[in-house]
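Okay, so here's the structure we're looking at.
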Amino acid sequence: MNGRVDGRVNGRVVWYVFLFALGVLVAAAGSLVQNAWFPGGLLLALLGAAGVFYGGLRATETQLGVMVPGAGWLLTIVLLSFGRPEGDGVFGGGLAEMIYLLGGMAIAVMCATMVKLPRPAP
């Protein structure tokens with residue numbers, strides 16, 4: 001393999017690691033905001049998730065660019081929903097949490113199935 005192909009592959013790996021971490025951060029922030037300022041916080045949390053998913057699609061121009069931050073987002077949501085043995089948890093089990101979980105997954109699926117737009121000629 002030549003250096004140009006290796007550089008492109010390494011660049012994509014860096015993008016995917018960055019997008020995974022960004023998905024984790026957006027999920028954690030959205031989990032705290034979505035119920036605090038209901039319904040505005042829920043809308044803000046879903047818009048943040050949509051921005052990460054769509055941004056990953058545009059940055060990498062692949063569906064994997066949506067799935068990687070989506071995996072980080074979903075993993076974080078699941079881990080935060082478990083709570084602790086003391087009974088503390090981020091999610092209290094209400095309507096806002098369900099809308100956040102299902103809405104975020106629906107947005108990720110919509111972004112992953114978007115049609116790629118043709119690139120403009122240089």
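The values are calculated or read from the model by the stated rules, or taken from the named source; none is laboratory data. This structure is a prediction, so every number in the text was calculated from the model and none was measured. Please note: Cβ atoms are built from the backbone with ideal geometry, for glycine as well, and neighbour counts cover all protein chains shown.
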> Somewhere in the range 68-90, is a residue touching a residue at least 24 places away in the same chain (Cβ under 8 Å), under 26 Å from Met114 (Cβ atoms) and in a loop (DSSP other than H, G, I, E, B)?
Replying inline: no
> Within the range 29-43, which residues are surrounded by fewer than 16 Cβ atoms within 10 Å (Cβ to Cβ) and not aromatic (Phe, Trp, Tyr)?
Replying inline: Ala29, Leu32, Ala36, Pro39, Gly40, Leu43
> Just one of the numbered conditions (1) crowded, with 17+ Cβ neighbours inside 10 Å; (2) among the polar types (S, T, N, Q); (3) modelled with pLDDT under 85 is not true of Thr76; which one?
Replying inline: (3)
> Tell me, which residue of the range 29-43 that is touching a helix residue (DSSP H, G or I) at 6+ places or on another chain (Cβ under 6 Å) and either among the small types (Gly, Ala, Ser) or assigned to a helix (DSSP H, G or I) (or both) is farthest from Val78 (Cα to Cα)?
Replying inline: Gly41
>> I need every pair where a residue in the range 21-43 that is in contact (Cβ under 8 Å) with a residue 60 or more places away in the chain has its Cβ under 9 Å from the Cβ of a residue that is surrounded by fewer than 16 Cβ atoms within 10 Å (Cβ to Cβ) and not in a helix (DSSP H, G or I), sequence separation at least 6 or different chains.
In response: Asn35/Gly92; Asn35/Gly94
> In the range 79-122, what count of residues is obtained for those that are at pLDDT below 85, β-branched (Val, Ile, Thr) and surrounded by fewer than 17 Cβ atoms within 10 Å (Cβ to Cβ)?
Replying inline: 1
> Restricting attention to the range 14-26, does a residue exist that is modelled with pLDDT under 90 and of a type in the set (Gly, Ala, Ser)?
Replying inline: no
